[in-house]
Amino acid sequence: MKLLKTLACTALALFTVFSAHARPLDEVKKSGTLIVATEGQFAPFNYFNGTTLTGFEVELAELVAKKMGLKIQWKTLGFDALLTGLRQDRWDLVIASHGITDERAKAVTFTAPHYCSGGMIIAMDPAIRTAKDLAGKVVAVQTGTSYLENVQKVASIKEMKNFPTDVDARSALNSRRVDAWVTDRFVAKAVVDKNPNAGFKLGDMLFIERIAAAVAKGNQPLADAWSKGLSEIMADGSYTALSKKYFNEDVRCH
Ligand code: ARG
């Protein structure tokens with residue numbers, strides 16, 4: 001009997017885990033709150049200023065949610081956990097500078113992109129600027145990112161080192177444990193602007209990508225409502241103002 005009970009409980013627990021479905025748009029609207037997950041370690045896009053979560057994507061999400069008539073409840077987690085949590089219905093939307101890739105699009109539904117960028121090569125040695133210059137070099141990237149995928153394609157590199165956060169990848173370059181670091185071009189620019197004497201040299205872009213928020217696979221109504229809010233802030237000047245505040249330019253995709 002006890003065994004049966006245990007089995008039944010286990011089955012129920014498994015059912016709850018696997019049958020959890022994404023909250024549909026009307027349920028989100030009824031609750032008045034959109035649960036949004038981000039990393040909080042990717043300045044200037046999503047980061048902590050002291051204990052306050054902020055950044056271009058955090059402020060952008062607040063603007064979009066307002067257009068949707070919703071408040072945001074923020075969650076911050078390791079980059080690797082973000083897209084997986086959508087499938088488990090732990091949050092409604094992820095905004096953490098994810099590039100739209102075919103691989104990811106198999107697992108999640110992307111919204112319209114909120115900026116366009118790409119992976120840039122950064123080094124201390126000014127001779128390391130292009131993909132060719134990475135031959136025989138040790139390159140740092142954040143685990144789970146499109147930088148990793150694209151650096152892997154550079155067959156001539158000596159070694160790729162993975163780091164749990166992009167900040168760790170940058171530290172590895174700063175302390176010269178690696179020869180180069182590949183990250184977002186705006187992240188790279190911000191690092192150079194903030195640390196003009198640290199010796200970071202900006203190289204070429206390794207690839208370009210469109211960055212978007214993501215919702216659980218198939219939750220198209222929620223993705224559409226988000227994209228509509230985004231197009232509204234792109235039309236009314238608030239996107240441009242926010243983009244200029246962070247980057248001195250409009251970073252939308254053209
Ligand atoms: N744009 C890259 C990608 O698509 C990196 C994103 C990193 N985001 C972060 N919050 N650390 O994988």
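Where a number appears in this text, it was derived from the coordinates with a stated rule and is not lab data. Model, not experiment: these values are computed from the prediction. Note that we place each Cβ from the backbone using ideal geometry, even for glycine, and neighbour counts take in every protein chain shown.
The antiparallel fraction among DSSP beta bridges confined to the chain stands at about 65%. If I build a Gaussian network model for the chain, linking alpha-carbon pairs within less than 10 angstrom, which residue out of 242, 77, 86 has the largest mean-square fluctuation? In the Gaussian network model the winner is 77. Among beta bridges identified by DSSP and lying wholly in segment 118-209, the antiparallel ones come to about 60 percent. The chymotrypsin sites (Phe, Trp or Tyr not before Pro) of segment 17-71 include none that meets both conditions, a loop assignment by DSSP and at most 16 other Cβ atoms within 10 Å of the site Cβ.
Centre-to-centre, using Cα atoms only, segment 157-190 and segment 204-227 are separated by 25 Å. Label-to-label distance, residue 127 versus residue 232, with points set 7 angstrom from Cα along the beta-carbon direction: 5.6 nm.
Length gained on full extension, residue 102 to residue 248: 49.5 nm, using 0.36 nm per residue less the C-alpha separation. Of 192, 58, 139, the residue with the greatest mean-square motion in the GNM of the chain, using alpha carbon springs below 10 Å, is 192. Tell me the net charge near residue 229. Cut-off is 12 Å between Cβ atoms, residue 229 excluded, with +1 for each Lys or Arg and -1 for each Asp or Glu. Cβ neighbours under 12 Å give a net charge of -1. Build a GNM of the chain with springs between Cα atoms under 10 Å apart, and of 96, 105, 214 the one that fluctuates most is 105. For segment 118-209, taking Cα atoms only, Rg and Dmax work out to 11.4, 32 Å respectively. When you restrict to C-alpha pairs under 8 Å that are six or more residues apart and normalise by the size of segment 98-254, the relative contact order lands at 38 percent. In degrees from 0 to 90, rounded to the nearest 10, what is the angle of the helix 185-194 Cα long axis to the longest principal axis of the chain? Approximately 60 degrees, to the nearest 10.
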